[in-house]
Amino acid sequence: MRVPTIHGFKGEDLSSYSRRNSSQQGAQRPAQGTQHRPHTGMGNAERLAQLQQRQQLAANGGPAYETRNAGRGEHAVYTTGRPYPGADVTSPLLRPGGDWTPKDWLPHHEDRSNSWAANRLRGGPNQDLQSYDFTFESLDRNGRPVNGSAHGLPLIAPIDSKVIDIERSMANSGGLGCFVQLEYMDSGLKVAVHHLTSVAPNIVKGGQIKGGTVFGYQGGSGYVPRRFVTHVDIVGTETAVEMFVRSNQSGDFKTRVESQSQAAS
């Protein structure tokens, strides 16, 4: 009997899939030897600042960046994958406020470390690449995820970035959905965000965007909109992906601080 995957459920948002399967999660067992790091108690703002500071040090200084907020409130974020080999695909909610680590992410339903998307990013600091699935949702006034809000949700760049490549056509995406590839300007780390329903009209290949810029809208895999459950597939190093996820969960982003002479010019 074939184990069903997430792509076997059509016309539904990922969040409703995760809620429907939440009763099954208690029966699932983690992989032997799997160990989770203890939660740090660190929220998104502190962790993003820590990650960006590390990248600046690795890049031997460079321009200063400051944290700003997109002003749209926090989002819920689900991690999607197989909790252990042979398990069905499931989607638990990451802790609100950012008190989680990448060890809380579920492994992708298949290894894509050597995929076409990963190989297009590989080079320099972008070596240990992997693919991860996430879904972002709006929150209601009580801080609860809004079922049905995932499809078309705007996604932002976590830091000033170069646009390496884009694909606006679902038909030409190879089943990946529309996508955008970004390079973080502070560190050279790269991410590719696939399964977008569309790319924002102001995004151009070879251009630069400020942190907090909406570059695309959450969709799903395949050639037909809404055929598969809503999520994004993010390819990159663990650090690059973590920065993206935390930024889109919190609405916080990093942007270069302009000097007084730059601001006056």
Going by the conditions given, is ARG54 within 26 Å of PRO154 (Cβ to Cβ), surrounded by fewer than 16 Cβ atoms within 10 Å (Cβ to Cβ) and modelled with pLDDT under 95?
-> no
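So which strands (runs of 3 or more DSSP E) stay within segment 152-265 end to end and still have 2 or more residues that are of a type in the set (A, V, I, L, M) and modelled with pLDDT of 95 or more? Give the derivation first.
Working: elements: 154-156, 161-167, 178-184, 190-199, 214-218, 232-236, 252-256.
Fully inside segment 152-265 and qualifying: 154-156, 161-167, 178-184, 190-199, 232-236.
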Spot the failing condition for TYR84; the list is (1) over 14 Å from VAL191 (Cβ atoms); (2) at pLDDT 95 or above; (3) over 14 Å from the mean Cα position of the chain (by Cα), and only one is missed.
-> (2)
Residues in segment 166-211 that are closer than 23 Å to THR135 by Cβ and out of contact with any strand residue (DSSP E or B) (no Cβ under 9 Å at 6 or more places or on another chain): how many?
-> 1
Filter segment 111-158 for residues that are closer than 15 Å to PRO96 by Cβ and of a type in the set (A, V, I, L, M, F, W, C); which is surrounded by the most Cβ atoms within 10 Å (Cβ to Cβ)?
-> PHE134
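Take the residues in segment 91-105 that are touching a Lys or Arg at 6+ places or on another chain (Cβ under 8 Å) and not charged (D, E, K, R); name whichever of them is surrounded by the fewest Cβ atoms within 10 Å (Cβ to Cβ).
My answer is THR101.
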Would you please list the contacts, defined by Cβ atoms under 6 Å and residues six or more apart or on different chains, that run from a residue in segment 191-213 that is charged (D, E, K, R) to a residue that is in a strand (DSSP E or B)?
-> LYS205/VAL163; LYS205/ASP165; LYS205/ILE166; LYS210/THR255
Tell me, yes or no, whether segment 118-134 has at least one residue that is free of Cβ contacts under 8 Å to residues at least 60 places away in the same chain and outside any helix (DSSP H, G or I).
-> yes
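Might you check whether a residue that is part of a loop (DSSP other than H, G, I, E, B), buried (at least 17 other Cβ atoms within 10 Å of the Cβ) and modelled with pLDDT of 90 or more occurs anywhere in segment 18-26?
Scanning segment 18-26, I find no residue that is part of a loop (DSSP other than H, G, I, E, B), buried (at least 17 other Cβ atoms within 10 Å of the Cβ) and modelled with pLDDT of 90 or more, so the answer is no.
The values are calculated or read from the model by the stated rules, or taken from the named source; none is laboratory data. Treat the numbers as computed from the prediction; the structure is a model and nothing was measured. Backbone-built Cβ (ideal geometry, glycine too); neighbour counts: all protein chains shown.
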